[in-house]
Amino acid sequence: MTRRSIGSVALGVALLGSAIPGFCQLKTRNVIFVMTDGVRWQEVFGGADAALLDKENGGVEDAEALRREFWRDSAQERRAALMPFLWTTIAKNGQIYGNRDLGAEVYVTNGMNFSYPGYNETLSGFVDPRIDSNDKKLNQNVTVLEWLHAKPAYTGKIAAFAAWDAFPFILNAGRSGIPVNAGYDPLVTPVMTPRIELLNKLKQETRMWDAEPFDAVTFHTALEYYNQHRPRVLFLSLGETDEWAHLGKYDLYLRAAHRVDQYVKELWEAVQSTSELRGSTTLILAVDHGRGLAPVEWRSHGEKYPDTKYIWMAFLGPDTPPLGERSKIPAVTQSQMAATIAALLGEDYNAAVSAAGQPIRDVLPH
């Protein structure tokens, strides 16, 4: 795709698009899309990795304590211990993709295998060769979130929360008009509750990394906003899993992944507690890139590590057939996510962005 054609898409996409023929009766009216940075498919499908449950390779100070938390005799038991909601609810009642051992590969197509290119591919649906770093440069591409937000049915009803402070650039917040609360920025909302004020304060007082706060603050800020405003599309991106992995702290990486699973459960329980959302909301969980192999490369990702292109994704909602853990299917790509989100809402993203990957048909009703 040339620079000119990418620019044309960015300029014109918000004005284009139509409902997908044959999907007018979809039950999904709302989407919650959660991403957690750089969680390996190996842990998602196999649980804690034995090669990393030590100090030498995993930086684990108390290996016995970690084994009590997450080690079980079988891969099925280990993965359920690590991410219980994913395996007892999402996989059971929805679909999960990415187990390479079962012939269900999911991979990124950008070739970079790191965050900004991955988030752009996920949310725009295509690879942009101009995005070749994690620098805070405004994304010239219109994401599916911005494209939806330009439609009257979604204007003012989409919100994004992210740990990483690059997301106002990735989502081009100024142009798109989507509220994006990211990094250490306080949440400013028409209804400033004591809880939001406390979360804003905690965000400032618990700094560890320059670019992002702890996931707990980001998540609970997003949950408070969600309970107040009920956006039709909520995007949430968390980052501790990637931070701890880069630092070589396998115990903290596993615990961060476990918390993400709990956060997703809390969001789903919020949906189920409300009649207007229950039965009309689809939940999606995914990652931006993979990681290297144990025992050494698991800390890293990028072009130097080809296997880090492999990722995973999961879907749960009223329109997604409960096919569970997928196996022996054609490969799925990260570039299909944007059109899939739109399709679940009955919208045809590909009519506006021909370069985007096609929707994942199996998560839509047949």
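Observations on the structure shown:
- Most to least packed among 239-246, 346-353, 119-126, 65-72 [average Cβ atoms within 10 Å]: 119-126, 239-246, 346-353, 65-72
- Ranked list, fewest to most other Cβ atoms within 10 Å of each Cβ, for 361, 232, 29, 79: 361, 29, 232, 79
- Sequence of 288, 185 once ranked by neighbouring C-beta atoms within 10 Å, starting from the fewest: 185, 288
- Average projection area in nm² (convex hull over Cα atoms of segment 55-177, one quarter of hull surface): 11.3
- The charge dipole of the chain, taken about the Cα centre with unit charges on the Cβ atoms of Lys, Arg (+1) and Asp, Glu (-1), comes to about 1000 debye, rounded to the nearest 20.
- Interchain or long-range residues, amide H under 5 Å from residue 348's placed H: 18, 19, 20
- Ranked by how many other Cβ atoms sit within 10 Å of their own Cβ, fewest first, the residues 218, 155 fall in the order 155, 218.
- Mean-square fluctuations from a GNM of the chain, with a 10 angstrom spring cutoff on Cα atoms, peak among 54, 73, 165 at 73.
- Qualifying lysines (Cα of each under 24 Å from Cα of residue 304; at least 8 residues distant if same chain): 136, 137, 249
- Computed [θ] at 222 nm, deg cm²/dmol, the chain (DSSP H ≥ 4; -39,500 (n - 2.57); rounded to nearest 500): -10000 deg cm²/dmol
- Computed Kirkwood radius, in angstrom, where 1/r is averaged over Cα pairs of the chain: 20.5
- Projected label points at residue 93 and residue 303, each 7 Å from Cα along the beta carbon direction, are separated by 4.4 nanometres.
- All lysines inside 20 Å of residue 328 as judged from Cα atoms, apart from same-chain residues fewer than 8 positions distant: 92, 309
- Dividing the mean sequence gap of close Cα pairs (under 8 Å, 6+ apart) by how many residues segment 117-240 holds gives a relative contact order of 26 percent.
Readers should treat all values here as calculations from the given coordinates under stated rules, not as data from a laboratory. None of the values given here were measured: they were computed from a predicted structure. As a convention, Cβ positions derive from the backbone with ideal geometry for all residues, glycine included, and neighbour counts pool all protein chains shown.
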